[in-house]
Amino acid sequence: MATAAMGGGFVNVMKSVDHIVRGNGVSLLVKAAPTSTSGNFFVSLKRRGWQLYCSNSNSDSYLKLRDEELMRQCEMETFKASGPGGQHRNKRESAVRIKHLPTGIVAQAVEDRSQHKNRASALARLRTLIALKVRNPVPLRTYSPPAELLQILPPNSTLRASHSGPQIGPNNPKFVLGMQALLDLIFAVEGSVSEAAKFLGMSTGALSRLILSDGSLWMAVNELRASKGLKPLK
Amino acid sequence: MMKLRLSGLSCGVCANFRRPISLCYSNSISSSSAEVKPKIPLYLRPLSFSASLSELTQWHKWAKNLASSVGSSFVHLDNGPDSTLLRRELNWLLQDLLELQHHSAILSHLESGNSENVDVSVALRAPLEELYCVWRQRIEERRPFQYVVGCEHWRDLVLSVQEGVLIPRPETEMIIDLVENVALNKFPELAKGFWADLGTGSGAIAIATARTLSTHAHAHGRVIATDLSPVAIAVAAFNVQIYGLQDVVEVRKGSWFEPLKDVRGKLAGVLSNPPYVPSGDISGLQAEVGQHEPKLALDGGISGTSDLLHLIDGAASMLKPGGFFALETNGEKQSKFLVDYIENDKPGSFCNINIVSDFAGIQRFVMGFRQ
Ligand SMILES: C[S@@+](CC[C@H](N)C(=O)[O-])C[C@H]1O[C@@H](n2cnc3c(N)ncnc32)[C@H](O)[C@@H]1O
């Protein structure tokens, strides 16, 4: 889906923009602080090609950033144009690739007909990837599910009953936040779906059904279980 | 989503577009001053034609093979498109040709090579013969894809384009970001003033600016779009109408600031992507550009800067104090040349002059404020 084969390289434009940003405060593209000074530390657990970033501060806040704020933590690259571009060129190469500097996560989009839309698609993909890949610590002893997680639970969760509002599905942009909170919990309970279900006041079966309802969530849970030596969820 | 207001189109225009011949053989528009009728882009035409799924599959196979036969020969020839890009364009052509809700189902059928349901009839916005004809033009004559389908996707807009009007470029999308992030966010009162888009072409900058102005609270900002080309004037007016912005964007015919005498010294913003290709470079341009797009839109004189300099001079007298300007250039050398010109020849006229790079890292834009 996201990535199409691309022949040429991407060019990094940050250097050229950097001086303008410092020069007059124009913040179209701003260089984010290097990872070493960002206050988070990332442990990368490479298992079966799956990379997990664990942070000690709330990196769930990445997803709470507005698009412009999140974009400011990113390097944006466009398809390298050979030659002078602009009026010289008509190639419809409006591919966009963005790299989230604090985590190194990369998302790109190429299939849309305008660069503007490709940027929006790449940013939406980045949000999903952050939700799937960045794990935040969860204090299990005092755990109560955050509102964004309650929103994605089915109505029969006992905890959810106290909170009104319809269940949010995978097509809603807010689903990503709930998905991240759910994965944080499952990570904290070492991949056990039944343990996680207890914290959410629902049956193991109901939680399994929720996980299976979204392909990428399902895969993320299985990757996480695999990293803890558990069997995949079917 | 996009609001379409088709009621304003005259019947004559529609009838024009039912005749495949008008799309297929009109490769150039005469620059006579007779009123130009804008063409209806493929995606806005009615679904008045049909073909069986097997006929469509046959056309698609042929078109794909033709695209593949190009390989990277155009890339070597004049830095033109390769087959990967041409095949992507073929999918976009199908997107515009078919009913939106059936597009993905039909596309996956075409891709699968599956021979079921071949007798099913598919509704089309153009007859199959025309599709053979235009795809051959795309590959053999290097007719730009956007002229074939009659539109270009630019920012969140779908703009009609046709021979005689420059196809808006992705680089230019960033001018609107400059208007938003540099001008309006810092000086919200600019949203209430008059803005000018000089050499508006399809109307891209003017329309996107008008939409940006209207997102600012109590804005009554207006945009005046000018162009010398009658085709550009007709197409820009058509696009303004499609977006229902007749009350916000006014299209005026004439050379640069000449039709703007009534707002001299009053403009809140001056925006332009004028012709900036040095005359000597025109013959070496990729065929889609050099052989099909209007010279009037590309040729910026010997060094490419004659119109840019004229626009700087004009901006000095047309902008009100604190007014904003942003100009697109050919990059690096031209941008530096303009900044030197502003600093040495227009001392005291402008402040906060900056060069901004486009997304490929080329120093593409010069912007600043009237002192
Ligand atoms: C590079 S095109 C830009 C079109 C459009 N603004 C865009 O960005 O897609 C330059 C435009 O300037 C127009 N133009 C050329 N000479 C002009 C003049 N003397 N006065 C007004 N417009 C002119 C051309 O017709 C053309 O539409």
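Read the figures in this text as sums done on the coordinates, not as results from a lab. Being a predicted model, the structure only gives us computed values, none of them experimental. FYI the Cβ positions are ideal-geometry reconstructions off the backbone, even for glycines, and counts take in every protein chain you see.
When only C-alpha pairs under 8 Å and at least 6 residues apart count, what is the relative contact order of chain B, in percent? Walk me through the intermediate numbers first.
Working: 655 pairs, mean separation 55.3, N = 371.
In percent, rounded to a whole number, it is 15.
Step through the table entries A:Lys99/A:Lys231; B:Lys192/B:Lys336; B:Lys186/B:Lys320, compare each Cα-Cα distance with 23 Å, and write down the pairs that go over it. Provide the component values of the computation, followed by the final result.
On the way: A:Lys99/A:Lys231 32 Å; B:Lys192/B:Lys336 31 Å; B:Lys186/B:Lys320 16 Å.
With Cα atoms farther than 23 Å apart: A:Lys99/A:Lys231; B:Lys192/B:Lys336.
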Handout entry: Rounded D (µm²/s) - the stretch B:165-370, Kirkwood Rh over Cα pairs, Stokes-Einstein at 37 °C, 0.692 mPa s
Key = 195
Exercise for the section: Let me know the mean shielding of B:181-193 by other chains, meaning the per-residue number of their Cβ atoms within 10 Å of its Cβ. Expected result: 1
Handout entry: Listed peptides B:83-95, B:156-168 by packing density, highest first (mean Cβ within 10 Å)
Key = B:156-168, B:83-95
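Viscosity 1.567 mPa s, temperature 4 °C: what is the translational diffusion coefficient of the stretch B:60-186 from Stokes-Einstein with a Kirkwood Rh over Cα pairs, rounded to a whole number of µm²/s?
Working: Rh = 16.7 Å.
In µm²/s, the coefficient is 77.
Order these by the 10 Å Cβ neighbour count, fewest first: B:Tyr276, A:Tyr62, B:Tyr43.
In order of increasing Cβ crowding within 10 Å: B:Tyr43, A:Tyr62, B:Tyr276.
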Practice task
Just the ratio, please: alpha-carbon radius of gyration of the stretch A:67-133 over 2.2 N^0.38 Å, N its number of residues.
Solution key: 1.17
Practice task
Count neighbours as other Cβ atoms within 10 Å of each site's Cβ, and list the chymotrypsin sites (Phe, Trp or Tyr not before Pro) in the stretch B:125-188 that are DSSP loop with at most 13 such neighbours.
Solution key: none
Fill in the blank from the handout: So A:Asn171 and A:Thr158, fully extended at 0.36 nm per residue minus their Cα-Cα distance, gain in nm 2.3 nm
Exercise for the section: Measure nothing fancy, just the Cα-based angle from helix B:204-214's long axis to the longest principal axis of chain B, in degrees from 0 to 90, nearest 10. Expected result: 70
Completion exercise
If the chain between B:Leu228 and B:Asp156 were fully extended at 0.36 nm per residue, the gain over the current Cα-Cα distance would be 23.3 nm
Exercise for the section: Express in % the proportion of alpha carbon pairs of the stretch B:252-371 at distances exceeding 26 Å. Expected result: 21
Problem - Principal-axis tilt of helix B:53-70 within chain B, Cα atoms, nearest 10 degrees - result: 60
Handout entry: chain B: angle of helix B:230-242 to the longest principal axis, Cα-based, in degrees nearest 10
Key = 80
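For a quick check: sort B:Asp78, B:Asp307 by the number of other beta carbons within 10 angstrom, fewest at the front. Let's see the in-between values first.
On the way: B:Asp78 15, B:Asp307 20.
The fewest-first ordering by Cβ neighbours comes to B:Asp78, B:Asp307.
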Problem - Residue mean of other protein chain beta carbons inside 10 Å, B:162-170 - result: 4
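May I ask you to derive the FRET efficiency for B:Gln101 and A:Thr142 from their Cβ-Cβ distance with R0 = 51 Å, giving the value to the nearest 0.05? Working shown, then result.
Numbers: r = 49 Å, r/R0 = 0.97.
It comes to 0.55.
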